[in-house]
Amino acid sequence: MKISPHRVFYVWLVRCCLAATIAIGIFVSAPGALAEHEGKLQILLLGDSTTEGSVPRRIKPEGPHLEKVLEQLLAAEGDLPACNVINSSLSGEYIRRLLDSGRYDRDAAKLPGLDYVFIRYGLNDRARRDDFTVNFVKDFHELLAQLRKDHPHARLIPMTVIPFANEQASREINDLVRDVAKKESLAVFDIYPRYVAELEKGFNMLNYRRFPLAKVPDKYHELVVPFVHGPSIEVMGNELDGVLGHLPGWFSDRHPNLAGYNVIADETAKYLGELIREKQTQ
């Protein structure tokens, strides 16, 4: 089949217009973005289980989970560039393990064009790192130095931990985070007060229930079948509180449920939105 010169010109013109439209869209949608991933600002989340959310992902895999909710909240502002949020957190992780396991090199070091990096560690560091008050500080400085080397244009944002442990432990961790940030001339994103304020509305609203199946009385085993995951039952919210809430330790797991991660996402979106706006005006 012979194609006319007019048709060739028309196809060429359409392709040129499409390319120009995409180029303009990238420029407009992400002013100042260093990552040209579909023209979106690139945001990395580094942290432990209270950032990853492995149990909510298992219970409700369709989510939406922390990174997606954060993207949606930023988009809802209307005046911000499109953002891509990468959640590279891992349950049980602490800074030393992140660096020594090779996971940092594999999952964070080579990400191209990061614009913002949120860093939230301390809970597992306190539990697993010898001489915590000394080594956590050293590890944090080492991680920041590595991030600066690998992502020199990214804004690094140390975060306080959420109220997962008791108040004294939380204060110890968060004070060390502030000390590190001060020495590194970095601003701290303090998520702790907002989370505490939300817990005052209902102390168990923001955590899922994870409880050993072996400790559930036999007469309830048929009831909990839909919630069994391995040796435990896992419940996103208060569905079984009226029946099993009297069991000792029923509410002891303080990991966030989807509601808890939404609180984190909401406060993060507010904080990050202001940073992005400030950068746009510079």
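Where a number appears in this text, it was derived from the coordinates with a stated rule and is not lab data. Quantities reported herein were computed from a predicted structural model and do not represent experimental measurements. Neighbour counts run over all protein chains shown; Cβ positions are idealised from the backbone, glycine included.
Using Cβ counts within 10 Å as a stand-in for footprinting exposure, how do I59, I95 rank, fewest first?
If I rank by nearby Cβ atoms, fewest first, I get I59, I95.
Between L223 and R171, with labels modelled 7 Å along Cα→Cβ, what's the label distance in nm to one decimal, could you check?
That separation, rounded to one decimal, is 4.0 nm.
Less than 17 Å apart at the alpha-carbon level, and either on another chain or at least 8 residues along: which aspartates and glutamates does that give for K182?
Here the aspartates and glutamates satisfying the reach criterion relative to K182 are D139, E142, E172, D190.
In nm, to one decimal, how far is the modelled label at D190 from the one at D266, with both set 7 Å along Cα→Cβ?
2.0 nm
Using helices alone, what [θ] at 222 nm do you get for the chain, with -39,500 (n - 2.57) per DSSP H run of 4 or more residues, divided over all residues and rounded to the nearest 500?
Rounded to the nearest 500, it is -15000 deg cm²/dmol.
Rg to Rh for segment 209-252: what is it, with Cα atoms only and Rh by Kirkwood?
For segment 209-252, the value is 0.88.
List, in order, the whole-Hz ³J(HN,Hα) value for each residue of segment 101-115 obtained from phi through the Karplus relation with A = 6.51, B = -1.76, C = 1.60 and θ = phi - 60°; use x for Gly and Pro.
6, x, 5, 4, 4, 7, 10, 10, 4, 9, 5, x, x, 5, 9
Can you grab the distance from the C-alpha centre of segment 41-86 to the C-alpha centre of segment 219-262, Å, no decimals?
So the separation of the two Cα centres works out to 24 Å.
Considering amide H positions built from the backbone, and no H for Pro or chain starts, which residues 5 or more places from I233, or on another chain, come under 5 Å of its amide H?
It is F211, L213, by chain and number.
Residue-wise, which Karplus ³J(HN,Hα) couplings in Hz belong to segment 222-228, taking 6.51 cos²θ - 1.76 cosθ + 1.60, θ = phi - 60°, and x for glycine or proline?
Once θ is set to phi - 60°, the couplings for segment 222-228 become 5, 4, 8, 3, x, 10, 7 Hz.
Which of the aspartates and glutamates could be linked to K138 by a straight reach, that is with a Cα gap under 13 Å, when you skip same-chain ones fewer than 8 residues away?
D125, D130, D179, E184
Expressed as an acute angle from 0 to 90° and rounded to the nearest 10, what is the orientation of the C-alpha long axis of helix 66-76 relative to the principal long axis of the chain?
The angle comes out at about 50 degrees.
Setting aside same-chain residues fewer than 8 positions from K60, which aspartates and glutamates have a Cα under 17 Å from its Cα?
Once the sequence-local aspartates and glutamates are set aside, what remains near K60 is E52, E234, E239.
Between L213 and H246, what is 0.36 nm times their sequence separation minus the Cα-Cα distance? Round to one decimal in nm.
10.4 nm
Could you work out the mean projected area of the convex hull around the alpha carbons of the chain, in square nanometres to one decimal?
21.6 nm²
In whole Hz, what ³J(HN,Hα) sequence does segment 164-175 give by Karplus (6.51, -1.76, 1.60; θ = phi - 60°), x for Gly and Pro?
With coefficients 6.51, -1.76 and 1.60, one gets 8, 8, 6, 4, 5, 5, 4, 5, 4, 5, 5, 5 Hz.
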